[in-house]
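What follows is a short report on a single structure.
Every number in this text was worked out from the coordinates using simple rules, so none of it is lab data. The model shown is predicted, which means the values in this text are computed figures rather than measured ones.
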Amino acid sequence: MFEFDRGNATRRKVLVIDDEESIALLIRDVLRRCGCEVETHGGGESALETAASPDVDLVLTDLSIPDLNGLDFARRLLERRPEVPVVIVSADLDDGARERLALLPNVVGAVRKPFDLLEFRRVVGEALGGAEEFGAELG
């Protein structure tokens, strides 16, 4: 569903939304190591405009963010740019949350915090078109 042109030399842009600055910076650093361009936001409303821009390839968001929770963020992004995949990175991933997220076609993965780096890069790699080399680039 979310395919990327492997021949394209442009960097993939990932938007990270998390109100815990240390987590946002950790995710940013991991993604930059594998060649992604990363922008971070601490809240959902401020990130929505950025996420709707045509150069964003992937959104990583927490469920518990100020002013617009991650579930509502994913719904609103689905209305504006349904082709942009969303990965949830949250400590709040219980069965109920997973069921609600499963109803949104743009939510393509979820990682529970604190996350295992191997699991994180597997989920992000799949969200970026199943890029196995994405995980290898982090190694």
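In terms of its C-alpha gyration tensor, segment 11-50 has an oblate overall shape, because the principal axis ratio a/c (a ≥ b ≥ c, square roots of the eigenvalues) is not below 1.5 and a/b does not outweigh b/c. Taking a ≥ b ≥ c as the square roots of the eigenvalues of the Cα gyration tensor, segment 81-127 is classed as oblate, since a/c reaches at least 1.5 and a/b does not exceed b/c. Based on DSSP H segments of at least four residues, each scored -39500 (n - 2.57), the chain has a per-residue ellipticity at 222 nm of -12000 deg cm²/dmol. Computed on segment 20-73, with alpha-carbon pairs under 8 angstrom and 6+ residues apart, the relative contact order is 30 percent. A cut-off of 5 Å between modelled amide H atoms, ignoring neighbours fewer than 5 places along the same chain, links VAL38 with VAL14. Amide H contacts of VAL107: VAL86, each under 5 Å away and 5 or more positions distant or on a separate chain (H built 1.01 Å from N in the peptide plane; Pro and chain starts excluded).
Every Cα-Cα pair of the chain was included, and the share exceeding 24 Å stands at 20 percent. Computed from backbone phi, the HN-Hα couplings of segment 100-117 come to 5, 5, 5, 7, 9, x, 8, 8, 9, x, 8, 10, 7, 8, x, 9, 7, 4 Hz, rounded to whole numbers (Karplus: 6.51 cos²θ - 1.76 cosθ + 1.60, θ = phi - 60°; Gly and Pro given as x).
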